[in-house]
Amino acid sequence: MRYIAQIILFNIYLFGSYAPSWYHNLPNKPNFYIGYGSASNEFQAKANARSDISSSISVSIDSTFSKQSKSEKGKFTKTIKQNSLQKSKSIISDTKLLKIESYNGIYFVALEYENIPSLDKFIRKLPKNIINQTQNTYIKKTIINKKIRKRLGKNINFSLIRKDYAWLIKYKNATQILSKKDFEGFFKTIKNDNISIKLNKQKNILQEKDEFYFKVKSKKDGFVSILSVYEDGTVSILMKNIKFNKNIMQDIPDKEFEQIPTANLLKANTSTYDLHIALFSKRKLALDEFAYADSEIIKDEKHKNFDSLIQYLDDKTFSSIKVFTKPRIRK
């Protein structure tokens, strides 16, 4: 907690007796964090308070994981340390304003944040007496829907949306920013009797820089396209409108194709996952909403359109496969 203590001392030094008596002195509750911030305007003071909450969560997680990762010789493992750093980068939303006060043009703010899973927050926001509803074809098979159905005892027609550079879950007027863990609940291997997709590697696991391809089989004559969804929700077209004859297994892309896909990581030395979708159609599809995987603009925010793809799949024939990519082990 040294970092938090330094912030408190800095504020005392900077503002002295001008700071309100409640500043850094409000009582804490279990599962809640209080963040304090001060600035010359209200907006920045609140932003500083949210940063204070994020720092508190980071310190708490690092401390917890350090205790759990001790070896017999009192050393900490590298894996646990990396996990704790990843978990500390959380999105702070749904804060409650506890106190705000202005002294000599300086705003002092206290915000409260309940540190519970984003899915729990979403379920608390839902209206009462919800009836069982028809769902999107893809969403009803996801892990996140399974969790919600278990809690509510029924299906609800919720959706995934992208807003202000964040992923949210939405049902009517209830919305909730998703944690990275809950967002992953939308990535699901889904089987279909009419079309199958398999990776050419065991257990659907790749290592960085691995070349890979898919084995695809359709029960009908037509066309197959392969779309990929990255961990951050970016959608890309891997292959488009490949001619298929029924009941014949094909490699996509085949070995003669000039450019074979290569597994990559979003962040260096950090495992990632992707979703690959085999989409069948009787006629060629335009797929204008989605960019090709080799496009220079694929990193643009507008291509984080997993929500659009989910809606597009609602009346389509498809199957999907979730693939994990790990850093290559260097000897």
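The values are calculated or read from the model by the stated rules, or taken from the named source; none is laboratory data. A quick note: this is a predicted structure, and the numbers were derived from the prediction, not measured. Note: ideal-geometry Cβ built from the backbone for every residue, glycine included; neighbour counts use all protein chains shown. For accessibility, only protein heavy atoms count, side chains too; no ligands or nucleic acids. Shrake-Rupley method; radii C 1.70, N 1.55, O 1.52, S 1.80 Å.
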Qualifying residue in the stretch 224-235 (condition: within 20 Å of LYS188 (Cβ to Cβ), assigned to a loop (DSSP other than H, G, I, E, B), in contact with a helix residue (DSSP H, G or I) (Cβ under 7 Å, 6 or more places away or on another chain) and not small (Gly, Ala, Ser)): yes
Count of residues meeting criterion [within 32 Å of the chain's Cα centre (by Cα), among the charged types (D, E, K, R), farther than 17 Å from PHE212 by Cα and at pLDDT 95 or above] in the stretch 245-295: 1
Residue within the stretch 227-240 that is basic (Lys, Arg) and more than 19 Å from TYR312 (Cα to Cα) present: no
Test: residue in the stretch 255-271 that is aliphatic (A, V, I, L, M), open to solvent by 20 Å² or more (accessible area, probe 1.4 Å) and under 25 Å from ILE143 (Cα atoms): yes
Selection status of LYS188, over 17 Å from ALA293 (Cβ atoms) and modelled with pLDDT of 95 or more: yes
Looking only at the stretch 95-151, and only at residues there that are basic (Lys, Arg) and under 23 Å from ILE34 (Cβ atoms), the one that is farthest from the chain's Cα centre (by Cα): LYS99
Tally, over the stretch 288-300, of residues that are open to solvent by 60 Å² or more (accessible area, probe 1.4 Å), farther than 26 Å from GLN202 by Cα and out of contact with any helix residue (DSSP H, G or I) (no Cβ under 9 Å at 6 or more places or on another chain): 5
Of all residues making up the stretch 166-223, the number that are part of a loop (DSSP other than H, G, I, E, B), basic (Lys, Arg) and under 30 Å from LYS284 (Cβ atoms): 5
Residues of the stretch 301-331 satisfying the condition of being touching a strand residue (DSSP E or B) at 6+ places or on another chain (Cβ under 8 Å), open to solvent by 40 Å² or more (accessible area, probe 1.4 Å) and assigned to a loop (DSSP other than H, G, I, E, B): LYS316, ARG328, ILE329
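The rows are residues; the columns are (1) at pLDDT below 90; (2) open to solvent by 80 Å² or more (accessible area, probe 1.4 Å); (3) not in a loop (DSSP other than H, G, I, E, B); (4) not hydroxyl-bearing (Ser, Thr, Tyr).
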{"position": "LYS67", "(1), (2), (3), (4)": "yes, yes, yes, yes"}
{"position": "GLU72", "(1), (2), (3), (4)": "yes, yes, no, yes"}
{"position": "THR79", "(1), (2), (3), (4)": "yes, yes, yes, no"}
{"position": "GLN82", "(1), (2), (3), (4)": "yes, no, yes, yes"}
{"position": "SER90", "(1), (2), (3), (4)": "yes, no, no, no"}
{"position": "LYS99", "(1), (2), (3), (4)": "no, yes, yes, yes"}
{"position": "SER102", "(1), (2), (3), (4)": "no, no, yes, no"}
{"position": "TYR113", "(1), (2), (3), (4)": "no, no, yes, no"}
So ILE205, is it among the hydrophobic types (A, V, I, L, M, F, W, C) and either under 21 Å from ALA263 (Cα atoms) or touching a Phe, Trp or Tyr at 6+ places or on another chain (Cβ under 6 Å) (or both): yes
Of the criteria (1) in contact with a strand residue (DSSP E or B) (Cβ under 8 Å, 6 or more places away or on another chain); (2) of a type outside the set (A, V, I, L, M, F, W, C); (3) open to solvent by 40 Å² or more (accessible area, probe 1.4 Å), which one HIS276 fails: (3)
Selection count, the stretch 209-222, where residues are in contact with a Leu (Cβ under 7 Å, 6 or more places away or on another chain) and modelled with pLDDT of 95 or more: 1
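Of everything in the stretch 193-212, what is open to solvent by less than 60 Å² (accessible area, probe 1.4 Å), of a type in the set (Asp, Glu) and closer than 17 Å to ILE252 by Cα? Give them in sequence order.
Result: ASP210, single match.
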Breaking point among (1) open to solvent by 50 Å² or more (accessible area, probe 1.4 Å); (2) closer than 29 Å to ASN247 by Cβ; (3) in contact (Cβ under 8 Å) with a residue 12 or more places away in the chain; (4) not small (Gly, Ala, Ser), for ILE190: (1)
Any chance ASN155 is modelled with pLDDT of 95 or more, out of contact with any Leu (no Cβ under 8 Å at 6 or more places or on another chain), over 21 Å from ASN115 (Cα atoms) and not in a loop (DSSP other than H, G, I, E, B): no
Which listed residue, of LYS172, LYS203, LYS163, is touching a residue at least 24 places away in the same chain (Cβ under 8 Å) and charged (D, E, K, R): LYS172
